[in-house]
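Chemist: Just dropping this structure here.
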């Protein structure tokens, strides 16, 4: 793998966005959510709930802070960001670069490292990120579909695990790490193999398509700048026809991907969906700033906040 790093990372304050007005209700929801995550975080960077000690969830929480433009050096949430990053680094296998115990954990933890690289002053981030990306690429080479599933040695694949690895590879590219084009092409080819004629994506085949899986596919194609195909347009139309969809089991996972997919594919449609999403999240947010659900307040809150992150667009992954 060609892995060229940019100059040594130095902490810097993220710029203030001037080009769009942040909806006041979105800012209120987001700030309340960050306050909850800050208060509930343990000294070791984790959260006390069913998933709050998983490095991937910690990575999503770190991303929620950074996506709001929080200063990781001297800002109000700097300690939270640094504690989360330190925890992720502590959970990486020194030999092979694997973070946590699943490729879900690995991808979201590695993505947090990519988004922190260059803004968090920690010399351990660069080598850890390099190892994490190398593991993703090595796992893909072992996979008979050229994609990913639950472990680095998995021979089968699915759209959700594959999608989160691809998004992490794009985040790594944004951080200046070389990612082979072939790895992106193979991952996209697997996703496209699972796309039905009406544009929806299935889990391990083209049947049984769902909005969450389709949002993952649309986002990955958008990040790859492959928006001109008939299949892509069919998938976007499928999402447009499901703007009122609510995922029963993983609602914030759906919202996390739906917001990004629509923003990159059709900003006018995203603005409509975003307005609805802001109202919805404001309605269901708990008084303490967390969000209800069966995945734990840390994951629920981070996912909900990241579905609002396109209102801010501080991180490169949220720019077109």
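Bear in mind these aren't lab numbers, they're just calculated from the coordinates by the rules spelled out. Bear in mind that the values here come from a model prediction, so they are computed numbers and not experimental data. Positions of Cβ are backbone-derived with ideal geometry, glycine not excepted, and every protein chain shown enters the neighbour counts.
Chemist: Limiting things to C-alpha atoms, what are the Rg and the maximum Cα-Cα separation (Dmax) for the range 173-320, in angstroms?
Modeler: 15.5, 47
Chemist: If you split all Cα-Cα distances of the range 227-292 into 10 Å bins from zero, what percentages do you get per bin, shortest first?
Modeler: P(r) for the range 227-292, in whole percents per bin: 18, 50, 24, 6, 1.
Chemist: Test of understanding: extend the Cα→C-beta vector of residue 25 to 7 Å, then name every residue of the range 258-278 with backbone N under 18 Å from that spot.
Modeler: In the range 258-278, the label zone of residue 25 (backbone N under 18 Å from the point 7 Å along Cα→Cβ) covers 259, 269-278.
Chemist: Between residue 320 and residue 206, what length in nm is gained on full extension when 0.36 nm per residue of separation is reduced by their alpha carbon distance?
Modeler: On the way: separation 114, 0.36 × 114 = 41.04 nm, distance 2.79 nm.
Roughly 38.2 nm would be gained on extension.
Chemist: Hey, another quick one. Looking only at the range 213-231, which residues have a backbone nitrogen under 19 Å from a spot 7 Å from the Cα of residue 181 in the C-beta direction?
Modeler: Once the point is set 7 Å along Cα→Cβ of residue 181, 220-229 turn out to lie under 19 Å by backbone N, inside the range 213-231.
Chemist: Give the peptides 155-163, 258-266 in descending order of average Cβ contacts within 10 Å, highest first. All intermediate terms of the calculation are to be shown ahead of the outcome.
Modeler: Values: 155-163: 21.2, 258-266: 24.0.
The densest-packed peptide leads the list: 258-266, 155-163.
Chemist: Counting only helical runs of four or more DSSP H residues, what would the 222 nm mean residue ellipticity of the chain come to if each run contributes -39,500 (n - 2.57) and the total is spread over all its residues? Don't skip to the answer; put the middle values down first.
Modeler: On the way: 12 runs with 171 residues, N = 320.
Calculated from helices alone, the mean residue ellipticity at 222 nm is -17500 deg cm²/dmol.
Chemist: Using a 10 Å cut-off around each Cβ, can you sort 131, 320, 111 from fewest to most neighbouring Cβ atoms?
Modeler: Numbers: 131 20, 320 9, 111 28.
Listing 131, 320, 111 from fewest to most nearby Cβ atoms yields 320, 131, 111.
Chemist: Order of 104, 201 from fewest to most other C-beta atoms within 10 Å? Don't skip to the answer; put the middle values down first.
Modeler: Numbers: 104 20, 201 29.
Exposure proxy ranking, most exposed first: 104, 201.
Chemist: Expected output is a single nm value to one decimal: the length gained when fully extending between residue 275 and residue 229, i.e. 0.36 nm times separation in residues minus the C-alpha distance. What is it? Please report the intermediate quantities before stating the final value.
Modeler: Numbers: separation 46, 0.36 × 46 = 16.56 nm, distance 2.83 nm.
Additional length available on full extension: 13.7 nm.
Chemist: Still on this structure, I have one more. From the P(r) of the range 91-134, could you give the percentage of C-alpha pairs in the tail past 15 Å?
Modeler: On the way: 309 of 946 pairs.
More than 15 Å apart: 33 percent of the Cα pairs in the range 91-134.
Chemist: Can you work out the PRE-style zone for residue 249? Point 7 Å along Cα to Cβ, and I want the residues of the range 139-165 with backbone N under 18 Å.
Modeler: Zone members listed by number: 149-151, 157-164.
Chemist: Taking the Cα-to-Cβ direction at residue 48 and at residue 268 and moving 7 Å from each Cα, how far apart do the two end points lie in nm?
Modeler: Once both label points are built, they end up 5.1 nm from each other.
Chemist: Can you give the Rg and Dmax of the range 24-318 based on its C-alpha atoms, in angstrom?
Modeler: Both quantities, over Cα of the range 24-318: 17.7, 51 Å.
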